[in-house]
Amino acid sequence: MSKELAYPRRKKQDWSSYLYILPMLAIVIFFWIIPILISVVLSFTQYNALSTPHFNGVENYKALFEDRIFRQSLINTLIFVITVVPGQTILAFLTASWIDRKGKNPATQFVRWAMFIPSLASVSIVGIVCRILLNNPSSPLNTLFSLFGLNPSLLLGSEKAAFPTLIVIEILIGSGYYMVIYLAALLDIPHSYYEAAKIDGASQFQIFWKITFPLMRPMTLLVILLGSISAFQSFDLVYTMTGGGPGRSTTMTAMVYLYLYSFKYSKIGFAMAIGNVLILVIAVLTIVQRRLAGRKENILY
Amino acid sequence: MAHIWGKRIGTTGLATVLTLSMAACGGQSAGSDPSAAPTQGGSEGESTKVLEVWLPAKATDGNDAEIWDEVVAPFEEEHNVDVTFQFISWKDYEAKYSSGISTGTGPDVGYMYVEMFPTYIDAGAVEDLSNYLTEEDYATYTTLTDKYKIFGKFYGIAQSGPQAVSGLVYNKTILDSIGEEAPKTWDDVIRIAQKATQDTDGDGKIDQYGVAQGWGQTFYQDLNWNWYNFIWQAGGDIFDDEGKCIINSEQGIAAAQLLYDLKNTYNAFPEDTMSLINNEAFDNYFVPGNAALAFVGTSESTFNKLADGDFEYGFTYDLQGPNGDMGARASVDQIVLMSACEDKELGWELVKYMTGPEGGAKYRELTGSAPSTVGEEDHGYEVTKEALAASLDTSIRPIKAARRATEVYDFLWKTLQEMMNGNVSPEDAMNEVAEFANSLDYAAPAN
């Protein structure tokens, strides 16, 4: 076979593959890459959105790392991620396993919808509703808590309880979505595996631990990855329920801090610096996570 | 081959990024003239001009458009102009306004509250009305007085007289039960707060409180009821005339100490005061008759909540601090002429019409707002009308404009929350706020 005959075939394949990725590539470039690069440029300026940006070197970054509230917001964000992600992953997995084992009945249908509906609603709306449920003395939640002598209207004002309260609510909101992902994966496991295990005399725990759990590992890594990114970017719930308070930084997260500087204080350059630091942190953690999860048995096809 | 394509794509992408970045950084220079309205409609020769107005959505039943269409109809006819309105939610108003102005798609005539002004003045985006106002205007408007100036000048005209004035509301029935009269001074407030905080049903739990006040608001809005009045009554202020923060004055510390003591020394606030916003505290404790005092905005909706209560109530705007000073915060939001308006003469005519004895008075009649022109009938709320008129010159005032005020107010609010939670002393709290505020640039930008 001559070289002339081999080349045209390869060329045609290259063109069509570029066409397939072109729409997504354009979206990624225009809505992700370019804004990120613009934000990098603006982070080196003093800019209030109304007048011309003035280059101010690394002043924004210098001010950022001297800012006690920003440092606390980064710590809070990390705490939020390392508590919310395991919490919602475990809850989602256990609930999906229970629904899968029990099959379709009114109880499982109710739990499935009750957990999934909050993930369909706007988180801001959920936050406002939760605030009302906690603070209104005649709310069902208040009535329920009062039976045990507890007062939920103390939670959001307490420096010790406010952040854990937000974490619990975020876990409850997010777990429904991941439960559906797990459920789809669980339903894909062939029943013959379980039947064979039962014939071999395996207990329920052994079946779960030796069959279900290992087969769910790739899905778990996906859920952790998606959950981590979502938790890092979590904004609506904190903003509507506490605004970062009580006090200056009790529940302040990096995204809320970014919003305040960008939209309320019109310090766009400083806000962009916050955003870029956050992008860097997420990128590093994602790379680490992918390295740790990069074993062959974890690949999700 | 793929390598060459990769290079080409990379080069094109980089060029695009740099072009867009430069475009973004180029921005719009201060005071430049973007291609904003008024635009021309219709055919040449018989064109109808268009003026665009942006307002916050204020009507509780959502009929802003209906009200304003009725108000501006005579103006449109007289000037052959089409006035178009955009009603924006309070929550998004500032962000929308900022993005509109920065992209050259803002309004010709707008609406601003005190906190908004400095940024737009510094950017040259809002007109200084010194050259527009005539002697007749000064004689017509009751709000064209010194206390409504921004940085010593008029940049807008108030849409109405003082609104949402912060006052002290008291439960007369509780005061009678503890042998007290209506409070007139801080000493009265402290004494009443202590005496009213009681276990009334003898179950060992406090069920009646001295003051229904909430400190759980997520941003600085509740400074309107929980702070400005107190610092003015103490004889102080947050900023001086140059914009320097002077909150750590003796007066500022006295105001902070009063609030700190009411909660932490006299335990006169409900247990969940740090979770509730001020309105929630009012609804949960004062409205059911379980609190003697509340500091709230005295609007019609506030008093409507008390209509079904089984107790008598009263209110005052004239609470006096230790040296007899008084202060009641009012919002006096203004209609402004934007510098981007091409036909400024027509835009100014619209500002005057929307606020003056014709259109403005009609708006105030339709919405039950306080008057702002001489000789205008008062359509304000009956319950507060008389008290407002009596306290207008003695107590009622808007907050002072200052650069970076939004950032300072947020910091102040959150520092007050820490103080009320007992983490920081009143003196340290005020010092921290002053230090933070004065570390920010508060000088006018060089022209």
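The values are calculated or read from the model by the stated rules, or taken from the named source; none is laboratory data. Treat the numbers as computed from the prediction; the structure is a model and nothing was measured. No Cβ is skipped: glycine too gets one built from the backbone with ideal geometry, and neighbour counts run over all protein chains shown.
Within the option set B:ASP308, B:ASP325, being over 21 Å from the mean Cα position of the chain (by Cα) and modelled with pLDDT under 95 holds for one residue only, B:ASP308. Filtered by the rule that a residue be surrounded by 21 or more Cβ atoms within 10 Å (Cβ to Cβ) and either of a type in the set (Phe, Trp, Tyr) or at the interface with chain A (Cβ under 9 Å from one of its Cβ atoms) (or both), the stretch B:420-442 gives a lone residue, B:MET420.
Consider the stretch B:92-123 and keep the residues that are surrounded by fewer than 22 Cβ atoms within 10 Å (Cβ to Cβ) and in a loop (DSSP other than H, G, I, E, B). The one that is nearest to the other protein chains (Cβ to nearest Cβ) is B:THR103. Would you call B:ASN278 surrounded by fewer than 23 Cβ atoms within 10 Å (Cβ to Cβ) and either in the same structural domain as B:ASN224 (by TED's automatic domain parsing) or closer than 22 Å to B:PRO56 by Cα (or both)? Answer is no for this residue. Restricted to helices (runs of 4 or more DSSP H) entirely inside the stretch A:102-181, those with at least 2 residues that are under 22 Å from the mean Cα position of the chain (by Cα) and under 25 Å from A:LEU225 (Cα atoms) are A:106-120, A:123-135.
All told, B:PHE75 falls short of being in contact (Cβ under 8 Å) with a residue 60 or more places away in the chain, among the aromatic types (Phe, Trp, Tyr) and touching a strand residue (DSSP E or B) at 6+ places or on another chain (Cβ under 6 Å). Regarding the stretch A:284-300, can at least one residue be identified that is buried (at least 17 other Cβ atoms within 10 Å of the Cβ) and outside any loop (DSSP other than H, G, I, E, B)? Within the stretch A:284-300, not a single residue is buried (at least 17 other Cβ atoms within 10 Å of the Cβ) and outside any loop (DSSP other than H, G, I, E, B). Does A:PHE270 qualify as being free of Cβ contacts under 8 Å to residues at least 12 places away in the same chain, within 12 Å of chain B (Cβ to nearest Cβ), in a helix (DSSP H, G or I) and not acidic (Asp, Glu)? No, not satisfied. In summary, B:GLY314 fulfils each of the numbered conditions (1) surrounded by fewer than 19 Cβ atoms within 10 Å (Cβ to Cβ); (2) touching a strand residue (DSSP E or B) at 6+ places or on another chain (Cβ under 6 Å); (3) closer than 30 Å to A:LEU156 by Cα with the single exception of condition (3).
Just to be sure, is B:THR302 crowded, with 18+ Cβ neighbours inside 10 Å, among the hydroxyl-bearing types (Ser, Thr, Tyr) and assigned by TED's automatic domain parsing to the domain that holds B:PRO288? So B:THR302 passes the test.
Scan the stretch A:32-73 for residues that are touching a helix residue (DSSP H, G or I) at 6+ places or on another chain (Cβ under 6 Å), surrounded by 18 or more Cβ atoms within 10 Å (Cβ to Cβ) and in contact (Cβ under 8 Å) with a residue 40 or more places away in the chain and the total you get is 13. Of the residues that make up the stretch B:320-340, is at least one surrounded by fewer than 20 Cβ atoms within 10 Å (Cβ to Cβ) and at positive phi? Checked against the condition, which is being surrounded by fewer than 20 Cβ atoms within 10 Å (Cβ to Cβ) and at positive phi, the stretch B:320-340 yields at least one hit. Residues considered: A:THR95, A:THR165, A:THR83, A:THR89. Of these, the only one that is out of contact with any His (no Cβ under 8 Å at 6 or more places or on another chain), within 14 Å of chain B (Cβ to nearest Cβ) and either surrounded by fewer than 21 Cβ atoms within 10 Å (Cβ to Cβ) or not hydrophobic (A, V, I, L, M, F, W, C) (or both) is A:THR165.
Under the condition of being more than 10 Å from chain B (Cβ to nearest Cβ) and assigned to a helix (DSSP H, G or I), the residues counted in the stretch A:237-258 number 5. Taking the stretch A:27-53 as the range and being part of a loop (DSSP other than H, G, I, E, B) and either small (Gly, Ala, Ser) or under 25 Å from B:MET116 (Cβ atoms) (or both) as the test, the residues that pass are A:SER43, A:TYR47, A:ASN48, A:ALA49, A:LEU50, A:SER51, A:THR52, A:PRO53.
Looking at B:LEU276, B:LEU306, B:LEU258, B:LEU293 in this structure, which one is within 26 Å of B:ALA437 (Cβ to Cβ) and aliphatic (A, V, I, L, M)? That would be B:LEU258, the only listed residue that is within 26 Å of B:ALA437 (Cβ to Cβ) and aliphatic (A, V, I, L, M). Of everything in the stretch B:130-176 that is assigned to a loop (DSSP other than H, G, I, E, B) and among the β-branched types (Val, Ile, Thr), the residue that is farthest from the chain's Cα centre (by Cα) is B:THR134.
What are the residues in the stretch B:402-441 that are under 19 Å from A:GLY243 (Cα atoms) and in contact with a Gly (Cβ under 6 Å, 6 or more places away or on another chain), if any? Within the stretch B:402-441, B:LYS414, B:GLN417, B:GLU418 qualify. Taken together, B:PHE311, B:PHE315 contain a single residue that is part of a strand (DSSP E or B), away from every other protein chain (no Cβ under 14 Å) and closer than 23 Å to B:ILE178 by Cβ, which is B:PHE315.
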